[in-house]
Every structure is written in C-alpha cells, then in structure tokens.
Amino acid sequence: MSTSDKMQLDVWKGDWGLPSIDTECLQVMAYARFNGIPLQVKATNNPFKTSNGRLPVLRTKHTCLDKVSEIILYLKKTNFENSENGSKEYAEFIAYDTMLKDKLYPAMQFIWWLDQANLNELIRPWYCKAVPFPFNYYYPSKFENQAKAVIETLYPMEDNMTVIGNKVYSEAQKCLTSLSTRLGNSKYFLGQSHTMLDAVVYSYLAPLLKTPLVNPSLQNHLKACTNLVNFVTHISQKYFRDEYIQYEKIKSENNINKMRKDSYLEFPNKRRDQVLAGIFAFVAMVGYALLTGKLEVPIKDKKMINEDAE
C-alpha cells in the first residue's frame, strides 16, 4: 500500500489495558488486527470534528466513513480479509450479533450512563478529562440522554429505575451465559480461527470486564464465566499486547507502591505496640515473681534501721 493510500482510524482513547474504551471502536480495531490491516490509529476523543458527531471514523485519501458497518465493508472490499465465512457461520454471526445488541448493549448503556454510582464516580469524570474543553461538558450529558432514550424505548411503561435495572441486568446475564455455553472450551466462537463474531464479542466483553466499575454486579457475572474471561485475555495478549503489558506493569507498580505506603504508615503504630507489649510483659513477669516469692527485695534489718536513725 502506498503512502497516499494509508488509512487512519479516529477512535476514543484506551484505558485499563484496552486500546479503546468504546465498543464500536474496539470492533473495528479488533477486526483490523485479526486480518493484519495496517490502520493508523489516532485517539482524537472529539466526535465534534466528525461529520455525524461519532467515533470511530475511517479516513482515507478518497473517503471518510463513520459507521462500523460501512467501515468493515470497506475493509473487506480492499481484499484484506483472510477468509470468508460460510452461510451457516454467517447466520450464526447474525444471530449472536443481534442478541448482543438487544440484550447486552442496553445493560452496558445502563451501567455506564444511568447507574448513578458508576456515572458520577467513574464514567463522567473519565469523559470530562478525556474530551477537550468545552466539549467535555457537552458529550457526557449527550451520552446520558442517549442511554435514557434506549431504556425508555425498551420499557416505555416503567419509570422505576430499580425495576428497569433488574430487568436489564437479568437479560444481560442470560446473554453472557449463552455466550459462555457457545464458546465452551474453544478459543474462538466459529471454528479454529478468529472471525468478525470474535471481534464483536470482544468489543462488548472487554470494556465490561476491564472497567473498574463502582457497581460491578453484571461485571461479577462475567467474571464467573471463566471461559469468557480467558477469551478476552487471550485476544488482549495476542492482538493488543503493548496495551495489555503496559497496563499490567502499571497495575503491578501501583500495588507495590500501595503496599509500601501502607507499611510505612503502619510502622509507627507497630513500633509503639511492640514497645508497649515489651513493657507489659516485663511488668507482668516482675509481678508474678514477687507474688510467688521467686524475687526478693532486700530490706534492712531493724538493728541497721535503728543505727541509721541514731
């Protein structure tokens, strides 16, 4: 490919060991890595500069695409895909892709933008920091409203958020269990090599698994599906190795620093407790010896006392 034909993919930036925290960005990035497509990835974090106000965006010399389906189709037409799926595999892909959109996507929207603990303590601060000023005040509210619209479409007659949350999580848990059952002991969902379905599943599961959520109820269900956790870890290590290793290194260093800090803070108290314990033990031993007669205190006899008095 010549320099003039280079393709640039604008995405939301990564975090927590992921190349991007956004599901749609991850889909395109995973598909490209699976098929060895040389994309120049740029973390712009600013959908305002795009034609339809969304990421990812694929830019080439002759085109600009901002829909995942159009981007994937364009990449296929450039003959980068290694293999074609049969009709049976394609039908299964459509079935699971639909299930993810209907069952898991609403739950992730709820977790990110409607769960107040997650929103206020993690998600909103992350976007406010990542998005350039003044758009960092606009986009979090926009995404929150979009999530509300998704949930209201699914449950138009219900206004109790607790009830809605329980329903959304229940459907998402069924979806995760179905994925776990389908994957079984395999590395990939459709045969012995990666397909578009693996890219799609990874794009949903990786953010759900790796984001340090304040309320991790659905995340805990995913962690209980160990084969899905291994699936995410395998793809991260194989296709996004640099991001994975860097995050694990940072996490390890943070854990070591925390242990050192905790040890330093506890040292004065530990030293004090050791000194007090030593004093107490000494007093107890002396008291016991006096009571049992094993320790005698010398006392002057009466004659010596009288002489001293004279």
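The values are calculated or read from the model by the stated rules, or taken from the named source; none is laboratory data. Bear in mind that the values here come from a model prediction, so they are computed numbers and not experimental data. Glycine also receives a Cβ, built like all others from the backbone with ideal geometry; neighbour counts cover every protein chain displayed. Heavy atoms of the whole protein, side chains included, go into the accessibility calculation; ligands, DNA and RNA do not. Shrake-Rupley method; radii C 1.70, N 1.55, O 1.52, S 1.80 Å.
Points worth noting:
- Thr153 vs. criteria outside any loop (DSSP other than H, G, I, E, B), under 30 Å from Tyr31 (Cβ atoms), free of Cβ contacts under 8 Å to residues at least 12 places away in the same chain and not charged (D, E, K, R): yes
- Per the conditions (1) of a type in the set (A, V, I, L, M); (2) more than 17 Å from His234 (Cα to Cα); (3) out of contact with any Ser or Thr (no Cβ under 8 Å at 6 or more places or on another chain), the sole criterion not satisfied by Ala32 is (2).
- Residue count for region 204-227, restricted to those that are closer than 19 Å to Val168 by Cβ, in a helix (DSSP H, G or I) and not charged (D, E, K, R): 12
- Between Lys223, Lys249, the distinction of being among the basic types (Lys, Arg) and modelled with pLDDT of 95 or more belongs to Lys223 only.
- Some residue of region 61-69 being within 26 Å of the chain's Cα centre (by Cα) and either over 27 Å from Arg33 (Cβ atoms) or at pLDDT below 90 (or both): no
- For Lys76: the one exception among (1) in contact (Cβ under 8 Å) with a residue 24 or more places away in the chain; (2) over 25 Å from Gln219 (Cα atoms); (3) surrounded by 14 or more Cβ atoms within 10 Å (Cβ to Cβ): (1)
- Close contacts from region 27-55, counting a first residue that is part of a loop (DSSP other than H, G, I, E, B) and a second that is among the small types (Gly, Ala, Ser), with Cβ to Cβ under 8 Å and a gap of 6+ residues or different chains, come to Asn45/Ala130.
- Members of region 100-121 found to be under 17 Å from Ala206 (Cα atoms) and either open to solvent by 20 Å² or more (accessible area, probe 1.4 Å) or part of a loop (DSSP other than H, G, I, E, B) (or both), listed by number: Lys101, Lys103, Tyr105, Gln109, Trp112
- Residues that are over 19 Å from Tyr127 (Cβ atoms), of a type in the set (Val, Ile, Thr) and touching a Cys at 6+ places or on another chain (Cβ under 7 Å) within region 37-61 are absent altogether.
- Near pairs, Cβ below 8 angstrom, 6+ apart or cross-chain, from region 225-245 (open to solvent by 10 Å² or more (accessible area, probe 1.4 Å)) to any residue that is outside any helix (DSSP H, G or I) and of a type outside the set (Gly, Ala, Ser): Asn227/Asn185; His234/Lys187; Glu243/Leu18; Glu243/Pro19
- Scanning region 22-49 for residues that are hydroxyl-bearing (Ser, Thr, Tyr) and under 27 Å from Leu197 (Cβ atoms) turns up Thr23, Tyr31.
- Residue match in region 133-149 (condition: surrounded by fewer than 16 Cβ atoms within 10 Å (Cβ to Cβ) and farther than 24 Å from Val214 by Cβ): yes
- When restricted to residues that are surrounded by fewer than 16 Cβ atoms within 10 Å (Cβ to Cβ) and on the phi < 0 side of the Ramachandran plot, region 22-42 contains 3.
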